[in-house]
Amino acid sequence: MTGRLVSMLIGMALMLALGFSPPLSAQDKLPPAPYAYRQLDDPAQEAKARALMQSLRCLQCQGQSIADSDAPIAGDMRNQVRLRIARGEDPEAIRAWLIDRYGDYVSFAPKIDTVTWPLFAAPVLLLIVAGVILRRRYAGRGGA
């Protein structure tokens, strides 16, 4: 009797889990935003938008820019970039808005500030330390 109760509970849990999964995948079922795959009519504005999109990271793909990604969130971000460029906004203002919204990770060119400077300084310091160690190690062997 206990085994049957456990299997019924597992079955009910699976049905509940499957019942909640359609809302989770509904985001992908929406049609793409108007400017997700369509370019702006003005070539100069489109060039600004493309340059900005190449410098922004897709939050889902992580290794791709939003210009190269087919993820739905990248399409939404491309749409926002193109709409704002078409309205005459400065690309750096759009970048700042996206960074405020999604964090520094969205930019392939993060700013250096008091929190991030150690990330940029650490490789240089490691190279200096390695150079000093190698110099000390092989300095005495030069004459022999």
The range 57-77, subset surrounded by 15 or more Cβ atoms within 10 Å (Cβ to Cβ) and in contact with a helix residue (DSSP H, G or I) (Cβ under 6 Å, 6 or more places away or on another chain), residue farthest from residue 104 (Cα to Cα): 72
Odd one out for residue 101, checked against (1) within 21 Å of residue 62 (Cβ to Cβ); (2) outside any helix (DSSP H, G or I): (2)
All positions within the range 49-67 that are more than 15 Å from residue 35 (Cα to Cα) and over 8 Å from the mean Cα position of the chain (by Cα): 51, 54, 55
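State which residue is nearest to the chain's Cα centre (by Cα) when the search covers only the range 74-94 and only residues that are over 17 Å from residue 39 (Cα atoms) and assigned to a helix (DSSP H, G or I). I'd like the intermediate steps shown before the answer.
Residues of the range 74-94 over 17 Å from residue 39 (Cα atoms): 90, 92-94.
Filter once more, keeping what is assigned to a helix (DSSP H, G or I): 92-94.
Values: 92: 17, 93: 18, 94: 15 Å.
That would be 94.
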Selected residue [touching a strand residue (DSSP E or B) at 6+ places or on another chain (Cβ under 7 Å) and either among the hydrophobic types (A, V, I, L, M, F, W, C) or modelled with pLDDT of 85 or more (or both)] from 73, 66: 66
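The values are calculated or read from the model by the stated rules, or taken from the named source; none is laboratory data. Everything numeric here is computed off the predicted structure, so don't read it as measured data. We place every Cβ from the backbone using ideal geometry, glycine too, and count neighbours over all the protein chains shown.
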